Amino acid sequence: MTEPAIHARQLSRHFGEVIAVDRIDLDIPRGEIYGFLGPNGSGKTTTIRALCGLLTPTAGEVRVLGREIPAQAEEVRRRIGYMTQKFSLYEDLTVEENMRFLGSIQGLSRRACRQRMDTLIKEYDLGELRRRRAGMMSGGQRQRLALAAATLHEPELVFLDEPTSAVDPENRRDFWEKLFDLVERGTTILVSTHYMDEAERCHRLAILEHGRLRADGTPAALMAQLDGRVVEIDGDDLRQVKAAALALPEVRSAAQQGLHLRVLLRAGVDDPVALLRQRLDGRGLDICLARPSLEDVFVDATRPEDAA
Amino acid sequence: MSALTRIGSVTGKEFRQLSRDRLSLGMVVMLPLIQLLLFGYAINTMVRDIPIGVVDLSGSAAGRVITEQVRVTQVVDIVAHYSTAAQAEADIVAGRIRAALVLPENLTQRVAAGDTVGQWLVDGSDTMVGSALLGLRQMPLHLEAGAPPGAYSAQPPSFEVALFFNPERRSQVNIVPGLTAVILTMTMILFTSVALVRERERGNMELLITTPIRPLELMVGKLVPYVFVGLLQITIILGIGWGVFGVAFHGDLFNLIVVTLAFIGASLTLGLLISTQAQTQMQAMQMTVFVLLPSILLSGFMFPYDAMPVAAQYIAEALPATHFMRLIRGVYLRDAQLAQLTPDLLWLLGFTVIMLAVATARFHKSLD
Ligand SMILES: Nc1ncnc2c1ncn2[C@@H]1O[C@H](COP(=O)(O)OP(=O)(O)OP(=O)(O)O)[C@@H](O)[C@H]1O
Ligand SMILES: [Mg+2]
């Protein structure tokens, strides 16, 4: 099967005047973790809903697992799992009851359902919460339950909309371990996030902003594109240096990070270190090239491109 | 097969949720209790012993029968007899009596011809008294006054005929079965009208519609628990009606269950339709009230169907409660058989099927 898990061309979704998703192209291969990185309101949730067949696209074509969406959406329901951004299991039902309900709706036999539940409850560490109502659980516990519920029927493709927003860093690592376990078994995962560290773990990612797809590729490739454009400056009076740097037309952004000032230059500057030395000289600064981070990629992709 | 499994799991889930929702559970039990006691006592004391006079110009046996019929209603207290209508009018103006019943000289011929038998002169200044006496205007006096009883068996069951089988004319006898219609309308429509909206508001719907469940399965699964709720409520109502108000059930239990189920189905599916239309639970409740009010006012519970203006009768015909009111009074008070009740029964069943079909068609597995 060479067909990608998700294929979208010129996918758009408008809400009246608002253009939530604007002509997005996607090719998401099977068996990978694909990330959507984007600020609030950038269209992550809307895109995921359109891919699941929950929202009819205003324009564009979508194929998921080889089926036309939304026309053939019913045919892929059993093969996809969806963990919504807002908790969508029943708060007045217990962990077990929620899972049993979804299992039977998904068409699992009683026995298969019980086995899957036992496996997942162990795997997601929900053993002590079996009889706890979902409404009485912490945010992180709920998200573990939601992930367990989304993968109960062993779907080929799982959509996770900001699955770790309420999870502490430690548990987030565990959570991602689970995702890699899933991928190892052949599952394709599309995950949206605000966190750079999570985005960096993805096999591939897309950066969304204002409904537009600003950049996509593997994290390494995205960062490599910025090679030679990121500079770190050490010295005194960094607040003033920052103001001076931002005044330069070649500088795209500057942000203080602890004792350093991190400066991102526009594309096409031959020797940024020499340029900055020359323009900011006389201040006794220590200037050197730095390894681009995903945050630099994000900043470069999402800052509005101005006239220059 | 898997469709049945899915319906079963939705039903099981609804039952669980209902059993944990104290407010709704309280409503299931308290609503019939409170309503029944309120209506039962309030209506009983509302219109009694209104002082009236009688002007019997015919002096016939029929005149005495009719006067007696009016007296035993206990709505009125006959305090005076007059020989001319003018005297009675004078006493009404003076406030000594609230109304007078005038029976004309040719009463016997009128009864034989099936004409209006007499005239009520009513002091309309007190609206309560006025409407109570207007209610008396509908009394099927001509029945008792000599018409052959067999002539009425072919008529559709109605308020008037039901009254005929309530010789003491105690209001509870009508109130108890009538209240089943009001209470079932209220709870059945309310419960299902929020059913889908609630899941939408709480965000459950977004998950539910990504599963393979079909709209019809979801609808039916959500209805089933409330069928039992409805049966429980009718048991409460009729139980109290019997225990507290002494309104015994003389009919056939099977018939009672059949007509009740038909009405529960109609109300639940109407609620579902509301649920597919409403955006919020608040809206769903407002729409429910929109149906509930005419159901209470026009179904024949408050005012006799035949006394309503034609336009109101048309509206009443479109309400499931009106049809159920006829059915339940028929089954409960007259021991009518299903064969005699077919039109209303079929109407309710047809309504149920159509509402379910429309609600299902209107429900889309999408967030658009
Ligand atoms: N149902 C809707 N009706 C109208 N506008 C909507 C609707 N859903 C989303 N939008 C708008 O579409 C845009 C994209 O929203 P979306 O929820 O997809 O963003 P997001 O990337 O998921 O944001 P967040 O990170 O906050 O979850 C926003 O401007 C939002 O206001
Ligand atoms: Mg979102």
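All other residues with a Cβ under 12 Å from the Cβ of A:Glu154 taken together, and with Lys, Arg as +1 and Asp, Glu as -1, what is their net charge?
The answer is +3.
For B:Ser83, what accessible area in Å² do you get when you roll a 1.4 Å probe over the heavy atoms of the protein chains, rounding to the nearest 10?
Approximately 80 Å² of B:Ser83 is accessible to the 1.4 Å probe.
Students sometimes get this wrong: rank B:Trp347, B:Trp120, B:Trp242 by accessible area, probe 1.4 Å, all chains present, largest first.
Solvent-accessible surface, decreasing: B:Trp242, B:Trp347, B:Trp120.
Give the span of the stretch B:249-308's Cα atoms along each principal axis, as three whole-Å numbers ordered largest to smallest.
Reported extents, whole Å, longest axis first: 44, 30, 15.
Could you report the accessible area of A:Asp286 in Å², rounded to 10, computed with a 1.4 Å probe on the protein chains as they sit in the structure?
90 Å²
Select from the stretch A:91-139 all residues whose loss of accessible area on going from the chain by itself to the full protein assembly reaches 20 Å² or more (probe 1.4 Å).
Residues passing the criterion (a loss of at least 20 Å², heavy atoms only) are A:Asp92, A:Leu93, A:Glu97, A:Phe101, A:Leu102, A:Ser104, A:Ile105, A:Gln106, A:Arg133.
In this model, which of A:Lys44/A:Lys86; A:Lys86/A:Lys178; A:Lys44/A:Lys122; A:Lys178/B:Lys365; A:Lys178/B:Lys222 are farther than 25 Å apart at the alpha-carbon?
A:Lys44/A:Lys122; A:Lys178/B:Lys365; A:Lys178/B:Lys222
Just to be sure I understand the interface: list residues from the stretch B:1-22 that lose 30 Å² or more of accessible area between the chain on its own and the complete protein assembly, 1.4 Å probe.
B:Arg6, B:Ser9, B:Lys13, B:Arg16, B:Gln17, B:Arg20
Which of A:Pro155, A:Pro272, A:Pro249 moves the most in a Gaussian network model of chain A with Cα springs under 10 Å?
Of A:Pro155, A:Pro272, A:Pro249, the most mobile in the Gaussian network model is A:Pro249.
What accessible surface, in Å², does a 1.4 Å probe find on B:Phe363, ignoring ligands, DNA and RNA and rounding to the nearest 10?
Approximately 10 Å² of B:Phe363 is accessible to the 1.4 Å probe.
Keeping all protein chains in place and using 1.4 angstrom, which order do A:Arg77, A:Arg212 fall into by accessible surface area, from largest down?
So, going from the largest accessible area down, we get A:Arg212, A:Arg77.
Provide, for q = 0.17, 0.18, 0.29 Å⁻¹, the log10 of I(q)/I(0) from a solvent-free Debye sum over equal Cα point scatterers in the stretch A:227-291.
Once normalised to I(0) and log-transformed, intensities are -0.47, -0.53, -1.58.
May I have the pair-distance distribution P(r) for the stretch A:1-93, computed from all Cα-Cα distances with 5 Å bins from 0 and rounded to whole percent?
3, 12, 23, 25, 20, 11, 5, 2, 0
Convex hull over the alpha-carbon atoms of the stretch B:170-367: what's its volume per residue in Å³?
Hull volume over Cα atoms, normalised by residue count, gives 118 Å³.
Buried accessible area between B and A (1.4 Å probe, both chains summed, ligands and nucleic acids excluded), in Å² to the nearest 100?
2500 Å²
Which of rounded, prolate or oblate describes the stretch B:202-312 when judged by the alpha-carbon gyration tensor and an a/c cut-off of 1.5?
Values: a/c = 2.52, a/b = 1.51, b/c = 1.66.
In terms of gyration-tensor shape, oblate.
Write down the accessible area per residue of the stretch B:45-111 in Å², having rolled a 1.4 Å probe over the full set of protein chains.
Here the residues of the stretch B:45-111 average 51 Å² of exposed surface.
Please work out the Cα center distance from the stretch A:9-49 to the stretch A:72-130, rounded to the nearest Å.
Spelled out, the Cα-based centre of one part sits 26 Å from the other.
Per Stokes-Einstein, at 10 °C and 1.306 mPa s, what whole-number D in µm² s⁻¹ belongs to chain A, with the Kirkwood radius over Cα pairs as the hydrodynamic radius?
On the way: Rh = 21.4 Å.
This corresponds to a translational diffusion coefficient of 74 µm²/s.
Take the Cα atoms of the stretch A:156-210, build their convex hull, and give its volume per residue in Å³.
Values: hull volume 4.6 nm³, N = 55.
Output value, Cα hull per residue: 84 Å³.
Mind checking the per residue accessible area of chain A for me, 1.4 Å probe, whole number of Å²?
Per residue, chain A has 46 Å² of solvent-accessible surface.
In the stretch A:175-234, what percent of the accessible surface is made up of carbon and sulfur (1.4 Å probe, ligands and nucleic acids excluded)? Don't jump to the answer; show the numbers that get you there.
On the way: 1040 of 2430 Å².
Its accessible area is 43 percent carbon and sulfur atoms.
Anything losing 30 Å² or more of accessible area from the isolated chain to the full protein assembly: pick those residues out of the stretch B:188-217, probe 1.4 Å, ligands and DNA/RNA ignored.
Relative to the lone chain, where solvent access is computed with a 1.4 Å probe, the stretch B:188-217 loses at least 30 Å² at B:Arg202, B:Asn204, B:Glu206, B:Leu207, B:Leu208, B:Thr210, B:Thr211, B:Pro212.
Below 8 Å, C-alpha to C-alpha, sequence gap of six or more: please give me the relative contact order for the stretch B:170-367 in percent.
35 percent
Would you rank A:His153, B:His250 by solvent-accessible area, highest first, keeping every protein chain in place and using a 1.4 Å probe?
Values: A:His153 25, B:His250 140 Å².
Per-residue accessible area, sorted high to low, gives B:His250, A:His153.
Going out from 0 in 20 Å bins, what whole percent of all Cα-Cα distances in the protein assembly as shown drops into each bin?
The calculated distribution, bin by bin, is 15, 33, 23, 16, 10, 3, 0.
Once you have a ≥ b ≥ c as the square roots of the Cα gyration tensor eigenvalues for the stretch A:94-198, tell me rounded if a/c is under 1.5, and otherwise prolate or oblate according to whether a/b is larger than b/c.
The shape class here is oblate.
The values are calculated or read from the model by the stated rules, or taken from the named source; none is laboratory data. As the structure is a computational prediction, the values presented were derived from the model and not from experiment. Virtual Cβ from ideal backbone geometry, glycine too; neighbours counted across all protein chains shown. For the accessible areas, the whole protein counts, side chains as well, though only heavy atoms, and no ligand, DNA or RNA atoms are used. Shrake-Rupley method; radii C 1.70, N 1.55, O 1.52, S 1.80 Å.
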